[in-house]
There are 2 protein chains.
Amino acid sequence: MGRPSSFADEAVYAAVARSLVEAGEVRLQAVTKAASLSTGSLYHRFGSREGLMAEAWIDAVEAFQVKFLAALAMPSDVPGLPAALATPRFCRNAPDRAALLVSAREREMMSDKAPDALHARLAAANGKARNALSGFAKAQGLPLERVRLALIGLPLGAVRLYLPKAPLPELIEQDIAKAASALLKQA
Amino acid sequence: MGRPSSFADEAVYAAVARSLVEAGEVRLQAVTKAASLSTGSLYHRFGSREGLMAEAWIDAVEAFQVKFLAALAMPSDVPGLPAALATPRFCRNAPDRAALLVSAREREMMSDKAPDALHARLAAANGKARNALSGFAKAQGLPLERVRLALIGLPLGAVRLYLPKAPLPELIEQDIAKAASALLKQA
DNA sequence: TTTATTCTAGAATAGATGTTCTAATATGGG
DNA sequence: CCCATATTAGAACATCTATTCTAGAATAAA
């Protein structure tokens, strides 16, 4: 009951990401304009700037982790390779969320002043991902550091050469696969 | 002649980098406090916030490029490998500049309002680096995209897994070398 | 239709941060 | 020693941006 909302949260998150990319910073005025909502609506829904930033960040992080963890569990000739390729795929399929993950500093998205509940939610998601990575490394008999490089650092570094300005080149997956495979092979 | 300056530019750049890392943003008050200078001095030397940010950024970029280009010209069993390892070395030797390169968005450091001369200086440096990379790729018969990944994207992605919060692990060079070598080998 | 509830609207406000400005301070040369 | 020059100092100022606040609008239930 009550008046229905006139906007979707994701549209606001997208506006946050675009504002960050285009202006180099997030101004609420830019967000309200891009997402076509009033300051009143924004504060009614998100409570504060910190709340909005934190929600947008968590939305992107969780969306990525879902894909990443699913890929990590996929069987493959080179175990882990699908997870390494989850990053470029995510960038193609969810460009706004990817732009946020690639461009924003966690420090500026998760302010100390953000609601505790959101900090807890992010910590839970990160803990889950950490555990999955540790389990994978152990199962494969590989050092966790190397796994993190192959599955996260390398793919992120690769897409950051292009995003958020340019589209990803066609063969980026091939190069990521080549480098990741070298890291994932049993010594 | 005239009163001598009481501070070094590099100390101010370092304060900019630390402020960015610790607070998630650069506030002039934090910079003046950390570098122990007055607002008057800051404006006398840098003209504006945009000028300061641009100078700090260019200082870090140029310092890195000097090391990178020297490494790129070094002979090696795996041509290019020293350049790939220039990034972790730079992070160890010049942590403040590295923190800036790793944490800042170019967009926020090089404001449109920054002096044209600084924009030109950065463009010149970037052009030089671009040419060197292209020359290397051509000489090695490798696609430029792959070279950029091996020498820049991969090492950056690797160090970003740790910086600016944690120190680099000892064996990061080994892993970078392993992955970079796989990319740099002639197909 | 009436009422309770939820959301929208946007002008007004408060607070923070970049910038300016004038006086004071330190050096080298005449 | 005094002048010209360059730099420092920091309070006052101006601007910008987040936030608040009150009135109004849209829905469902009674």
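The values are calculated or read from the model by the stated rules, or taken from the named source; none is laboratory data. Predicted model, so just to flag it, every value in this text is computed and none were measured. Backbone-built Cβ (ideal geometry, glycine too); neighbour counts: all protein chains shown. To get the accessible areas, we keep the full protein, side chains included, count just its heavy atoms, and leave off ligands, DNA and RNA. Shrake-Rupley method; radii C 1.70, N 1.55, O 1.52, S 1.80 Å.
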#### Entry: Members of region A:115-168 found to be among the hydroxyl-bearing types (S, T, Y) and either under 22 Å from A:D59 (Cβ atoms) or crowded, with 18+ Cβ neighbours inside 10 Å (or both), listed by number
A:Y162
### Message
Quick check on region A:1-37: of everything there that is near DNA strand D (Cβ under 8 Å from one of its atoms) and farther than 29 Å from B:A104 by Cα, which residue is farthest from the other protein chains (Cβ to nearest Cβ)?
### Response
A:M1
### Query
Condition test on A:E173, is it at pLDDT 95 or above and more than 22 Å from A:A17 (Cβ to Cβ)?
yes
### Task
Filter region A:12-33 for residues that are of a type outside the set (F, W, Y), modelled with pLDDT of 95 or more and within 18 Å of A:A94 (Cα to Cα) and give the result.
A:V12, A:A14, A:A15, A:V16, A:A17, A:R18, A:S19, A:L20, A:V21
### Query
Looking at region A:71-96, which of its residues are open to solvent by 60 Å² or more (accessible area, probe 1.4 Å) and either part of a helix (DSSP H, G or I) or basic (K, R) (or both)?
A:R89, A:R92, A:N93, A:P95
### Query
Can B:S111 be described as modelled with pLDDT of 95 or more, of a type in the set (S, T, Y) and open to solvent by 40 Å² or more (accessible area, probe 1.4 Å)?
no
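A quick yes/no check of all residues on (1) hydrophobic (A, V, I, L, M, F, W, C); (2) over 26 Å from A:I176 (Cα atoms); (3) over 14 Å from the mean Cα position of the chain (by Cα):
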| site | (1), (2), (3) |
| --- | --- |
| B:V61 | yes, no, no |
| B:F64 | yes, no, no |
| B:F68 | yes, no, no |
| B:A71 | yes, no, yes |
| B:R89 | no, no, no |
| B:E106 | no, no, no |
| B:H119 | no, yes, yes |
| B:A139 | yes, no, yes |
| B:L142 | yes, no, yes |
### Task
Within region A:70-114, count every residue that is free of Cβ contacts under 8 Å to residues at least 12 places away in the same chain and touching a Ser or Thr at 6+ places or on another chain (Cβ under 7 Å).
2
### Query
Would it be correct to say that B:R49 is away from DNA strand D (no atom under 15 Å from the Cβ) and open to solvent by 50 Å² or more (accessible area, probe 1.4 Å)?
no
### Query
Among helices (runs of 4 or more DSSP H) lying entirely in region A:1-50, which contain 2 or more residues that are over 19 Å from the mean Cα position of the chain (by Cα), without any contact (Cβ under 8 Å) to a residue 40 or more places away in the chain and within 10 Å of DNA strand C (Cβ to nearest atom)?
A:28-35, A:39-46
### Query
Being within 13 Å of chain B (Cβ to nearest Cβ) and more than 16 Å from DNA strand D (Cβ to nearest atom), is that true of even one residue in region A:58-79?
yes
### Summary
Filtering region B:6-38 for residues that are of a type in the set (S, T, N, Q) and open to solvent by 90 Å² or more (accessible area, probe 1.4 Å) leaves a count of 3
